[in-house]
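Only one structure is covered here, and it is reproduced in the block below.
Read-outs: derived from the displayed coordinates by stated rules, not from any lab. Predicted model, so just to flag it, every value in this text is computed and none were measured. Ideal geometry is used to build each Cβ from the backbone, glycine not excepted, and the neighbour counts take in all protein chains shown.
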Amino acid sequence: MDMKLSLDNVACGYPGKTILENLSLEVTTGEILCILGPNGVGKTTLFKTLLGFLNLHAGRITLDGENVQGWSRKRLAFTIGYVPQAHIPPFPFSVLDVVLMGRTARIGFLDSPKKHDREIAARALETLGIAHLSRRVYTEISGGEQQMVLIARALTQEPRFLVMDEPTAHLDFGNQVRVLQKVRQLAALGIGIVMTSHVPNHAFLCSSRVILIQRHGIFKTGTAEEIITEENMRETYGVNVRLSAVLNESGTEIKACIPLLVQNPLEDQGLLAAC
């Protein structure tokens, strides 16, 4: 059964300082919502609020109409999983042990994983295509493999939604594509995805909808085609881009956002005259 995560006129931030105001959005299981915007506009603040680490300043966050304000973090973890940009454990845990840590909310902090928990962890590794890494030391595998492990760890919570903080950050081009492919597969399995990215093309490749957070509390929501325009990119990031289109292997048109670099960066900044 589908589930809906909704934010209604939300204001969030830190004690004594509101970062975002009047934000409304919704995402249903099976959808991918991509959040774009420059550094410092409140994307991380929004995630911390969604995950219950920060209290709302105003508005409501609901799951299927039920206000989650006052839910314990444990109860919230039953529904929303979190995938950080990176995680380096203090000890050289195996990949399987890292993935099993996602069961903490289900089994209790001091309890030991049972056979059922290990089966769920094994399925998560299979889903991400990394079962062969289960006995490897997490700190000794590649960055792309580590990101897959973090996604598998979140899946063991058995959530309906995944909140993913720049899941392709620090990854090479090939691993970025592989992670995005897995994100699409998870959505196809019925998981709702809320992810941030600094790469507009990622929204074209995998998102159902986009929310663009600009400075001064301006929000724009819609499809990637509606939101990622040359004008919006210039207003948001202060750079000029051009939109192009290519055909994928099935003949479907995919748009791409191409930045335009000035021919002479020094002259553009007035630095040649200074020299």
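For the pairs Lys4/Lys114; Lys4/Lys115; Lys17/Lys220, note any where the Cα-Cα span goes beyond 27 Å.
Long pairs (Cα-Cα over 27 Å): Lys4/Lys114; Lys4/Lys115.
Along the range 178-190 the Karplus relation, 6.51 cos²θ - 1.76 cosθ + 1.60 evaluated at θ = phi - 60°, assigns HN-Hα couplings of 5, 5, 4, 4, 5, 4, 5, 5, 5, 4, 5, 7, x Hz to successive residues, with x for each Gly and Pro. Here the 3J(HN,Hα) profile of the range 162-167, calculated from phi with Karplus coefficients 6.51, -1.76 and 1.60 at θ = phi - 60°, is 10, 9, 10, 8, 6, x Hz, Gly and Pro shown as x. Among residues other than Met148 with Cβ under 11 Å from its Cβ, the summed charge is +2 (Lys and Arg +1, Asp and Glu -1). The helix-based estimate of mean residue ellipticity at 222 nm for the chain, built from -39,500 (n - 2.57) per DSSP H run of four or more residues and divided by its residue count, is -9000 deg cm²/dmol to the nearest 500.
In this structure the amide hydrogen of Tyr82, modeled in the peptide plane, comes within under 5 Å of the amide hydrogens of Val163, none closer than 5 places in sequence on its chain. Computed over the alpha-carbon pairs of the chain, the distance histogram in 10 Å steps reads 6, 27, 32, 23, 9, 3, 0, 0 percent, short to long.
Within the shell of other residues whose beta carbon sits under 11 angstrom from the beta carbon of Ser208, the net charge comes to +1, with Lys and Arg scored +1 and Asp and Glu -1. Here r is the Cβ-Cβ distance between Leu247 and Gln185 and R0 is 35 Å; the resulting FRET efficiency, rounded to 0.05, is 0.95.
The equivalent ellipsoid of the range 91-154 has semi-axes of 19, 13, 10 Å, largest first, where each one is the square root of 5 times an eigenvalue of the Cα gyration tensor. Where the centroid of each part is defined by its Cα atoms, how far is the range 1-80 from the range 89-126 in Å? First find each Cα centre; the distance between them is then 26 Å. Amide hydrogen proximity for Met3: with H placed 1.01 Å from N in the peptide plane, the residues at 5 or more positions away or on another chain lying under 5 Å are Thr29. The H on the amide N of Ser94, modeled in the peptide plane, is under 5 Å from the matching H of Tyr138, each at least 5 residues off or on a different chain. Taking Lys and Arg as +1 and Asp and Glu as -1, the other residues whose beta-carbon sits under 10 Å from that of Gly102 total +1.
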